[in-house]
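To start, the structure under review is shown below, and the notes come after it.
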Amino acid sequence: MIPVCRIEDLPEGESVRVEAGDATAAIAVFHTDGAFYAIDDMCSHQDASLSEGWLEGCYVECPLHAALFDLRSGEPTCLPARKPVRTHAVTVVDGILYVHPMVRSVPGEPVHAAPEEAVA
Ligand code: FES
């Protein structure tokens, strides 16, 4: 797992780009609707950083062509993006936010963490 930041350093409505090492592409981490979410930073349409997009609840709008991605599933909800981006699990331990690259949740279980969650 990769440490992102202290939870107070990522306020509601903000996002941050995290380099995930050689094994995977950069990851965008968001704090919105009272929870943290992580998805691939690169838009599935073209070369744009989703961490620089606009948050609308649990959705982020790509800054280049305005495709909207659901942070819970990674699925685009409108064109021009047709393919999903990957979601990544996040946890909060002792006030530190971590992202788990390539770890997907069990269907029906959340991939997000609320700020008050403490997962050992
Ligand atoms: S690059 Fe994201 S919608 Fe085109």
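A cut-off of 5 Å between modelled amide H atoms, ignoring neighbours fewer than 5 places along the same chain, links VAL4 with LEU97, TYR98, VAL99. 3J(HN,Hα) couplings calculated from phi for the stretch 50-65 with the Karplus curve 6.51 cos²θ - 1.76 cosθ + 1.60 (θ = phi - 60°) are, in sequence order, 5, 5, 9, x, 9, 7, 9, x, 8, 10, 10, 9, 4, x, 8, 10 Hz; Gly and Pro show x. Sorted largest first, the principal axis extents computed over the alpha-carbon atoms of the stretch 2-100 equal 40, 30, 19 Å.
Bear in mind that the values in this text are calculations on the coordinates, not laboratory data. These numbers were taken from a predicted model, which means no experiment stands behind them.
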